[in-house]
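Participant: Here's a structure for you.
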Amino acid sequence: MKLTLPSITQPLLRHLKSALLVTCTASLLTACMSNGTAEQNEPSGSDSYIIHNGKIVTMAYESATQEPYPEAIWIQDGIIKALGDLNTLEQQAGQGARKLDLAGKTLMPGFIEPHTHLAFVIGLSVMTDLSPCLPEPYKTTYYKDDNDNFQCPTSLQETYDTLNDSKKRISGEPQPKLPVWVWGNGIDPSRLGNSDKNIEDIRQFINNPAIELNENVFNADAKQPINSFEPGQQSPIMLLDQSGHVAYVNLRAFVAAGLCHSVKECSKEENTIPEDYCPEDSERFCYNEQKTGGFAVSSDGTFTGRVLESPNFVPFLQAISLSIGAEPGSPFVYLSEDEGMDIAPDFIHRIAQTGVTTLVNAGAFQSSEALFFKKLAKKNQDTPNMRYRTLVATDIADSTGADRSSLEVANSLHTDTWDSGTNGLYGAYGVKIWADGSTQGCSAYLKDDYANNGICNGESGDSGKNYEYNSFVEELKNYWGENWLIQVHANGDAAIEQALTAFKELQKAQCQRDSGNNTFPITLHHATVGGNPAANESAVDLIVQARNEAIPCINSHDAELKQHLNITVSHTPAHVAYWGGAFQSILDGKGHEGESDSTGRATMLDPAKFEHSYDVPFSLHSDMPVSPVNPLWYVEQMVNRDTWFYPRLATAQKEPMPYNPVAGQQNIDVYQALRGVTIVPAQQNLLDEKIGTLEVNKVADLVILDRNPLAEEVDQIHTIKPCYTFVNGHSNPVYESLEQTVNESQDQTVCKIDNL
């Protein structure tokens with residue numbers, strides 16, 4: 001097996017080669033071909049075409065000013081053969097090559113989405129969608145509800161109303177003697193209003209969701225609140241937070257999940273949880289075996305109904321699965337594998353409509369989830385519409401129930417970076433570990449506590465720590481330097497620091513094992529809280545120091561090595577656009593009445609400009625279902641850094657994010673943002689020798705846009721329409737609009753290209 005390490009910085013030789021190619025004269029173009037010869041290509045039965053008469057953006061450079069904008073590009077059998085002037089490419093390609101006229105449209109590398117959870121999204125489609133509305137420019141939804149009057153909520157009361165009115169609110173016909181559950185997905189208290197009254201209501205919900213749910217949610221098949229019924233007749237309820245790191249349940253759910261004997265006997269003192277997992281020295285939580293997250297406990301010892309981190313969701317998810325007779329081991333939780341595979345194409349097509357050609361699953365929790373993507377790749381191998389990569393969780397489980405360790409399961413799934421068996425359409429060679437929870441869910445691992453007057457009510461900054469340091473190192477040790485990419489979920493600045501310290505220790509230990517060092521890119525996902533200007537703390541500085549530090553190492557041969565860690569980040573622009581107003585309250589206690597704080601932590605949310613100034617590579621992602629997949633939206637959001645204060649979501653009600661005078665504004669330019677959805681995520685996933693830029697000998701993963709994002713007004717970039725995508729050179733029309741109000745025939749008029 002061969003894993004190559006492309007440098008995450010500009011590959012100068014390759015870029016010089018590309019620069020020579022696109023600036024060649026017609027007479028010299030043949031000398032600029034990849035093989036350096038002047039070979040004439042005769043017509044053949046292969047698929048050969050030339051794309052021309054538009055703006056061709058290669059993304060092979062550090063800035064837009066370096067772009068040569070070649071006149072045409074020649075592709076044969078899915079490989080880029082040449083870029084240059086049209087006449088010369090026509091001579092090179094021969095008479096059999098089709099000509100595709102862009103008619104002024106823009107051609108770019110296909111977008112790479114480096115962080116999604118597609119199987120999870122598909123599985124959640126059976127539930128009521130409680131996701132708050134998005135701001136007007138970005139309003140969309142992944143899910144459909146049978147209720148014709150379905151409305152996305154912007155307050156707690158609207159959330160209850162949405163759930164109570166939904167036909168998807170209950171889990172379905174239960175197995176004998178098992179209860180019907182009330183369920184929902186996507187509730188997000190952090191975006192349910194920023195007024196003082198909103199914040200007080202949200203605090204009350206977060207502090208004791210079990211009580212609030214019983215008072216406001218209807219019992220299954222009833223129009224009365226759950227607390228109107230006797231405890232034994234109450235419906236268990238489970239609502240998943242949009243972050244994926246928090247769930248809200250009532251005490252009846254604890255009973256149905258086997259964690260308590262009865263609703264009246266459901267506390268830290270009275271439960272069925274092993275004694276070791278409810279330690280006396282912890283006043284606030286009972287834990288799972290790894291002490292990741294926990295079940296929140298009130299001051300009187302009763303479980304509040306707030307559950308942190310997915311390992312603690314398991315008893316409830318299992319109880320629901322038993323109730324509805326779900327298929328064991330299915331990657332879609334509540335849907336059978338066949339049901340999930342049947343509806344997957346619709347979700348994938350909607351993702352392709354945003355110009356995405358490579359989708360990365362950010363951590364398979366069970367083996368069937370990873371294999372789901374392999375099945376998708378093989379199913380469409382001849383007519384591909386998406387390329388798939390999946391990370392595996394460091395604690396991945398075997399879906400078959402076999403007695404295998406997580407490492408054994410992971411190693412059984414491992415592939416080359418470019419698996420020939422699927423023409424490169426599938427790969428599994430990276431692992432993911434979650435260092436903390438969610439900033440908006442009050443469960444990120446922060447150096448400083450949450451604001452006292454925000455919805456997190458002064459929550460301790462270390463309450464979101466998922467691993468003690470030694471456990472974190474131990475969890476990664478078996479994967480470090482063993483042909484595995486390492487990617488880490490780290491929202492908070494303390495989580496970032498913990499990860500960086502662990503990386504250095506692991507790198508030193510790897511050298512002592514005499515098996516080389518980890519030279520692959522290491523990606524910190526989210527890196528949301530970039531520091532605290534008021535305390536002169538900067539997570540970016542720590543990343544830069546870790547990247548620049550030459551780690552000394554003497555191996556068994558007494559050879560001194562100087563090692564550098566190739567650390568990169570990947571941001572969720574939605575944290576700025578959709579949560580920017582909320583974070584000003586959550587982190588700094590400001591913003592809930594329109595105020596801002598230039599010294600607060602919110603000024604360093606997703607600090608891409610700061611990172612760029614220190615050559616820290618960053619990509620941009622959705623973390624779907626946390627936010628919708630749409631790379632052009634990410635670009636716009638990271639360039640303008642506008643945000644909204646819920647429930648004021650009209651376009652005219654946007655406000656700029658505050659900035660710190662010392663660190664400066666964190667807005668980046670359009671080209672840098674476009675790199676974050678093309679070449680940088682390709683580098684982070686060891687794909688940049690194949691895709692991510694338009695260069696000779698690379699694979700033709702492309703997107704055709706109706707307009708050029710580099711020439712468009714920034715606040716209109718989200719309106720650009722992807723027309724076609726190409727995967728392995730195979731074209732896919734994606735010009736149907738996501739919005740029903742858009743005239744589809746107009747889209748076809750704008751986008752249609754002859755000969756495709």
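The values are calculated or read from the model by the stated rules, or taken from the named source; none is laboratory data. As the structure is a computational prediction, the values presented were derived from the model and not from experiment. Counting neighbours? That spans all protein chains shown, and the Cβs are built from the backbone with ideal geometry, glycine included. Please note that ligands, DNA and RNA were not included when accessible areas were found on the heavy atoms of the full protein model with its side chains. Shrake-Rupley method; radii C 1.70, N 1.55, O 1.52, S 1.80 Å.
Participant: Looking at residue 139, is it over 24 Å from residue 257 (Cβ atoms), modelled with pLDDT under 95 and touching a Cys at 6+ places or on another chain (Cβ under 7 Å)?
Facilitator: yes
Participant: Of all residues in the stretch 501-529, count the ones that are at pLDDT below 95 and in a loop (DSSP other than H, G, I, E, B).
Facilitator: Counting residues in the stretch 501-529 that are at pLDDT below 95 and in a loop (DSSP other than H, G, I, E, B) gives 9.
Participant: Another one. Among 428, 410, 435, which is the only one that is modelled with pLDDT of 95 or more and within 30 Å of residue 531 (Cβ to Cβ)?
Facilitator: 435 is the lone residue from the list that is modelled with pLDDT of 95 or more and within 30 Å of residue 531 (Cβ to Cβ).
Participant: Can you tell me which residue in the stretch 200-229 is surrounded by the fewest Cβ atoms within 10 Å (Cβ to Cβ), limited to those that are of a type in the set (D, E, K, R) and outside any helix (DSSP H, G or I)?
Facilitator: The selected residue is 223.
Participant: Considering 711, 673, 682, 650, which residue is farther than 30 Å from residue 198 by Cα and over 24 Å from the mean Cα position of the chain (by Cα)?
Facilitator: Just a single option satisfies the conditions, and that option is 711.
Participant: Within the stretch 473-484, which residues are under 20 Å from residue 415 (Cβ atoms) and open to solvent by 10 Å² or more (accessible area, probe 1.4 Å)?
Facilitator: Within the stretch 473-484, 478, 481, 482, 483 qualify.
Participant: All but one of (1) more than 30 Å from residue 576 (Cα to Cα); (2) out of contact with any Lys or Arg (no Cβ under 9 Å at 6 or more places or on another chain); (3) surrounded by fewer than 19 Cβ atoms within 10 Å (Cβ to Cβ); (4) not acidic (Asp, Glu) hold for residue 139; which doesn't?
Facilitator: (1)
Participant: Out of the residues in the stretch 530-543 meeting the condition of being in a helix (DSSP H, G or I) and open to solvent by less than 20 Å² (accessible area, probe 1.4 Å), tell me which one is farthest from residue 666 (Cα to Cα).
Facilitator: Selected residue: 543.
Participant: Here is a check on your reading of the model: is residue 642 modelled with pLDDT of 95 or more, in the same structural domain as residue 523 (by the TED database) and of a type in the set (Asp, Glu)?
Facilitator: Details: modelled with pLDDT of 95 or more: yes; in the same structural domain as residue 523 (by the TED database): yes; of a type in the set (Asp, Glu): yes.
So residue 642 fits the description; yes.
Participant: With respect to the numbered conditions (1) open to solvent by less than 10 Å² (accessible area, probe 1.4 Å); (2) in a helix (DSSP H, G or I), which one is the sole condition not fulfilled by residue 470?
Facilitator: (1)
Participant: Residue 80: in contact with a strand residue (DSSP E or B) (Cβ under 9 Å, 6 or more places away or on another chain), closer than 30 Å to residue 429 by Cα and not acidic (Asp, Glu), yes or no?
Facilitator: Criteria met by residue 80.
Participant: Kindly establish whether residue 60 is crowded, with 19+ Cβ neighbours inside 10 Å, farther than 30 Å from residue 350 by Cβ and at pLDDT 95 or above.
Facilitator: On the way: crowded, with 19+ Cβ neighbours inside 10 Å: yes; farther than 30 Å from residue 350 by Cβ: no; at pLDDT 95 or above: yes.
For residue 60, the condition - crowded, with 19+ Cβ neighbours inside 10 Å, farther than 30 Å from residue 350 by Cβ and at pLDDT 95 or above - is not met.
Participant: On to the next question. In the stretch 704-727, which residues are buried (at least 17 other Cβ atoms within 10 Å of the Cβ) and in a loop (DSSP other than H, G, I, E, B)?
Facilitator: Result: 706, 707, 708, 709, 710, 712, 720, 721.
Participant: Related question: Please go through the stretch 207-225 and pick out each residue that is at pLDDT below 95, aliphatic (A, V, I, L, M) and in contact with a strand residue (DSSP E or B) (Cβ under 9 Å, 6 or more places away or on another chain).
Facilitator: 220, the sole residue that qualifies.
Participant: Among (1) assigned to a loop (DSSP other than H, G, I, E, B); (2) polar (S, T, N, Q); (3) in contact with a Ser or Thr (Cβ under 8 Å, 6 or more places away or on another chain); (4) open to solvent by 60 Å² or more (accessible area, probe 1.4 Å), where does residue 412 come up short?
Facilitator: (1)
Participant: I've got another one for you. All but one of (1) surrounded by fewer than 18 Cβ atoms within 10 Å (Cβ to Cβ); (2) at pLDDT below 95; (3) in a loop (DSSP other than H, G, I, E, B) hold for residue 404; state the number of the condition that does not hold.
Facilitator: (2)
Participant: What is the one condition in (1) assigned to a loop (DSSP other than H, G, I, E, B); (2) free of Cβ contacts under 8 Å to residues at least 12 places away in the same chain that residue 244 does not satisfy?
Facilitator: Only one criterion in (1) assigned to a loop (DSSP other than H, G, I, E, B); (2) free of Cβ contacts under 8 Å to residues at least 12 places away in the same chain is unmet by residue 244, namely (2).
Participant: Consider only pairs whose beta carbons are under 7 Å apart and that are at least six residues apart or on different chains; among these, list those whose first residue lies in the stretch 77-94 and is more than 27 Å from residue 382 (Cβ to Cβ) and whose second residue is among the acidic types (Asp, Glu) and open to solvent by 30 Å² or more (accessible area, probe 1.4 Å).
Facilitator: From the stretch 77-94, the pairs are 84/71; 85/71; 86/71.
Participant: Which of the numbered conditions does residue 339 fail, given that it passes all the others? Conditions: (1) in contact with an Asp or Glu (Cβ under 7 Å, 6 or more places away or on another chain); (2) without any contact (Cβ under 8 Å) to a residue 12 or more places away in the chain; (3) not small (Gly, Ala, Ser).
Facilitator: Of the numbered conditions (1) in contact with an Asp or Glu (Cβ under 7 Å, 6 or more places away or on another chain); (2) without any contact (Cβ under 8 Å) to a residue 12 or more places away in the chain; (3) not small (Gly, Ala, Ser), the odd one out for residue 339 is (1).
Participant: Also, quick follow-up: Just to be sure, is residue 344 in contact (Cβ under 8 Å) with a residue 60 or more places away in the chain and either in a helix (DSSP H, G or I) or buried (at least 19 other Cβ atoms within 10 Å of the Cβ) (or both)? I'd like the intermediate steps shown before the answer.
Facilitator: Details: in contact (Cβ under 8 Å) with a residue 60 or more places away in the chain: yes; either in a helix (DSSP H, G or I) or buried (at least 19 other Cβ atoms within 10 Å of the Cβ) (or both): yes.
For residue 344, the condition - in contact (Cβ under 8 Å) with a residue 60 or more places away in the chain and either in a helix (DSSP H, G or I) or buried (at least 19 other Cβ atoms within 10 Å of the Cβ) (or both) - is met.
Participant: Now for a different question. Going through 309, 327 one at a time, which residue ends up being crowded, with 24+ Cβ neighbours inside 10 Å and at pLDDT below 95?
Facilitator: From the options 309, 327, the qualifying one is 309.
Participant: Same structure, new question: Keeping to the stretch 148-199, report how many residues are part of a strand (DSSP E or B) and within 14 Å of residue 133 (Cα to Cα).
Facilitator: Matching residues across the stretch 148-199 total 3.
Participant: Sticking with this structure for a sec: Look at residue 572 and say whether it is modelled with pLDDT of 95 or more, touching an Asp or Glu at 6+ places or on another chain (Cβ under 6 Å), open to solvent by less than 10 Å² (accessible area, probe 1.4 Å) and under 29 Å from residue 197 (Cβ atoms).
Facilitator: Against the criterion (modelled with pLDDT of 95 or more, touching an Asp or Glu at 6+ places or on another chain (Cβ under 6 Å), open to solvent by less than 10 Å² (accessible area, probe 1.4 Å) and under 29 Å from residue 197 (Cβ atoms)), residue 572 qualifies.
Participant: Looking at 487, 440 in this structure, which one is touching an Asp or Glu at 6+ places or on another chain (Cβ under 8 Å) and surrounded by 19 or more Cβ atoms within 10 Å (Cβ to Cβ)?
Facilitator: Being touching an Asp or Glu at 6+ places or on another chain (Cβ under 8 Å) and surrounded by 19 or more Cβ atoms within 10 Å (Cβ to Cβ) holds for just one of 487, 440, which is 440.
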